Amino acid sequence: MFVTRHTHVVDQALGDKLWQLYDVAYRGLAEMAVTREMLFRSEFDEAIADPSNRLWVLWDDNMPVGMSLVATDIGHTRYLSRAYFEHHYPDHMRRDAVHYIMWLVIHPAHVAKGAIVRLAKEGLALEASEGALLVFDSPEMNQPAASGGFAEMMARLAKSVAGQAPVRHLETQHYFA
C-alpha cells in the first residue's frame, strides 16, 4: 500500500474511483446520523477540485482504500465559523493554520488492516510540521461522549506523529424533534 497527495482533482476517472470509495464508506450512515454527513456527488467533486484542499489517498495496488480531505482554508467550507477561530485561536488564524478534516474514510474491507493509521500518519505529519490546528467533527455514533471514541483514536494518531498534541472538545450540538 502507498499514499498519494492530490490537489485540484478534476480527472473524471480518478474522481469516479474516489467517489466509489467515499460512497461505500458512508453507506448506512445516512440512516444512523441525524446530520447529513455524506456530501452529494456535486459537493464531493467541488471539494476534491478545490486547490486549497489536500486530498490524501491510500492505495492498494490501483484501488483507493482510504482517503482524507483536509481544508486548509476554512473560509472555503460552510462548516466552521471564522469568527470563532479568530477569537479563540488568533495566532493560528493569522498564520492560516486552522485546517479542517472534512472526511477520513476507509473502505470497510480495510478498516482492521491498519489503513487508517497509515493514511493518518502521512497527512498528520505534514499538518504537524506546519503547526496547524486540525479541527474535526464526528457524529454521535462515532463519538457518543466527549471522551473516547473517534476523538481518542485521533489523539493517539496525533501523538504518534507529533508527540503531545491534545485533543480538545470544542462543542456539542443537539437536535430535537
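The values are calculated or read from the model by the stated rules, or taken from the named source; none is laboratory data. Not measured: the values here are computed from a predicted model. All Cβ positions, glycine included, derive from the backbone under ideal geometry; neighbour counts span all protein chains shown. We work out accessible area using only protein heavy atoms, side chains counted, and drop any ligands, DNA or RNA first. Shrake-Rupley method; radii C 1.70, N 1.55, O 1.52, S 1.80 Å.
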Report summary line: With residue 11 itself left out, Lys, Arg at +1 and Asp, Glu at -1 over residues whose Cβ is under 13 Å from its Cβ give -1
Query raised in the report: Using the Cβ atoms and a cut-off under 14 Å, what net charge is assigned to the surroundings of residue 143, where Lys and Arg are +1 and Asp and Glu are -1?
Result: -4
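If I take every Cα pair under 8 Å that is 6 or more residues apart in the stretch 1-87, average their sequence separation and divide by the length, what percent do I get for the relative contact order?
Relative CO of the stretch 1-87 lands at 36 percent.
Before anything else, pin down the relative contact order of the chain: Cα pairs under 8 Å, at least 6 apart, normalised by residue count, whole percent. Write down the numbers at each step before the final one.
Working: 229 pairs, mean separation 36.9, N = 177.
Reported as a whole number, the value is 21 percent.
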Report summary line: From DSSP H assignment alone, runs of 4+ in the chain each adding -39500 (n - 2.57), the sum over residues rounded to the nearest 500 puts [θ] at 222 nm at -11500 deg cm²/dmol
Query - Inter-label distance for residue 126 and residue 29, nm, one decimal - labels placed 7 Å from Cα along Cα-to-Cβ - result: 2.1 nm
Report task. May I ask you to give the average projected area over all directions of the convex hull of the Cα atoms of the stretch 50-177, in nm² rounded to one decimal? Result -> 9.3 nm²
Report task. Could you pull out every one of the aspartates and glutamates with an alpha carbon less than 20 Å from that of residue 113, ignoring same-chain neighbours closer than 8 positions? Result -> 23, 60, 61, 122, 152
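Less than 11 Å Cβ to Cβ from residue 35, Lys/Arg counted +1 and Asp/Glu -1: what total charge do the surrounding residues give?
Values: positive: 36; negative: 37, 137, 140.
Spelling it out: positives minus negatives among the neighbours equals -2.
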Report task. With a 1.4 Å probe and every protein chain left in place, work out the accessible area per residue of the chain in Å², rounded to a whole number. Result -> 58 Å²
Requested in this report: May I ask you to derive the FRET efficiency for residue 145 and residue 6 from their Cβ-Cβ distance with R0 = 45 Å, giving the value to the nearest 0.05?
Outcome: 0.85
